[in-house]
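Enquirer: Sharing a structure here in structure tokens format.
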Amino acid sequence: MDKAPSKKAKTFCLILVIITSLICIIVGCWKLHDYKKLKTGCTSEAAGLVIHEGYWRINKYHTPETKYTSGKYWRQIEVETDGNFKLKNIYARRGKEKKGDSITIHYDPDDPDTYYIGDTIEEYRTIAYILFSSSIVPPLMLIFIMSKSKKYYDKKE
């Protein structure tokens, strides 16, 4: 059972690596697009105050008020609303700000439901860079493995 991998197996691995890399690149582009859209679009600011920190799940996901919650730990931010930004309370995962600390909410004046809290904008860029970096690793691994396996099987014959 020590024979060289078939051409079919090599082709399958190559296609799998290419698909994985493309998925990482596409998702990375998507996150980078989100980052740029938030960074350029969210030009208005509203002041907020962390009024409560909680320890249970919030079940109202995917609403404008809860789009930054994840896990069990969260904080409630009371926002000083203006004529444009109308959310009075925002629930978000815990950050460096604690109860009683003020926080800035950056929002898009044309679409007030598009906003980010404090410095959470950098998470989008970090995720995009990680995905771009990880899209390079699978092809490099494939090249390395194929070169080593070719040398190994050439020695055997």
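The values are calculated or read from the model by the stated rules, or taken from the named source; none is laboratory data. Remember, predicted model here, so these are calculated numbers, not experimental data. Cβ coordinates were reconstructed from backbone atoms using ideal geometry, including for glycine residues, and neighbour counts include every protein chain displayed.
Enquirer: Taking region 12-63 as the search range and keeping residues that are of a type in the set (Gly, Ala, Ser) and modelled with pLDDT under 85, which one is surrounded by the fewest Cβ atoms within 10 Å (Cβ to Cβ)? Spell out the reasoning first.
Expert: The initial filter retains those residues of region 12-63 that are of a type in the set (Gly, Ala, Ser), namely 21, 28, 41, 44, 46-48, 54.
Imposing the further condition that a residue be modelled with pLDDT under 85 reduces the set to 21, 28, 54.
Values: Ser21: 18, Gly28: 19, Gly54: 14.
Ranking the qualifying residues of region 12-63, first place goes to Gly54.
Enquirer: So, in region 77-115, exactly how many residues are part of a strand (DSSP E or B) and modelled with pLDDT of 85 or more? Steps first, please.
Expert: Looking only at region 77-115, we keep the residues that are part of a strand (DSSP E or B), and these are 77-79, 89-93, 102-107, 115.
Filter once more, keeping what is modelled with pLDDT of 85 or more: 77-79, 89-90, 102-107, 115.
Count: 12.
Enquirer: Does Ser102 fit the bill of being in contact with a strand residue (DSSP E or B) (Cβ under 8 Å, 6 or more places away or on another chain), polar (S, T, N, Q) and loosely packed, with under 13 Cβ neighbours inside 10 Å? Break it down into steps so the answer makes sense when it comes.
Expert: Details: in contact with a strand residue (DSSP E or B) (Cβ under 8 Å, 6 or more places away or on another chain): yes; polar (S, T, N, Q): yes; loosely packed, with under 13 Cβ neighbours inside 10 Å: yes.
Taking the combined requirement at face value, the residue satisfies it.
Enquirer: Cβ contacts < 6 Å: first residue among the hydroxyl-bearing types (Ser, Thr, Tyr), restricted to region 96-117; second residue at pLDDT 90 or above and assigned to a strand (DSSP E or B), any location; separation 6+ or different chain. Result?
Expert: The qualifying pairs are Ser102/Leu49; Thr104/Glu45; Tyr107/Ser44; Tyr115/Ile105; Tyr115/Tyr107; Tyr116/His106.
Enquirer: Let me ask you something else. Mind listing just one residue for me: the one in region 116-130 that is of a type in the set (Val, Ile, Thr) and assigned to a helix (DSSP H, G or I) and, of those, nearest to Lys31 (Cα to Cα)?
Expert: Looking only at region 116-130, we keep the residues that are of a type in the set (Val, Ile, Thr), and these are 117, 120-121, 126-127, 130.
In the following step, the residues that additionally are assigned to a helix (DSSP H, G or I) were identified as 121, 126-127, 130.
On the way: Ile121: 11, Thr126: 9, Ile127: 7, Ile130: 10 Å.
Checked region 116-130; the qualifying residue nearest to Lys31 (Cα to Cα) is Ile127.
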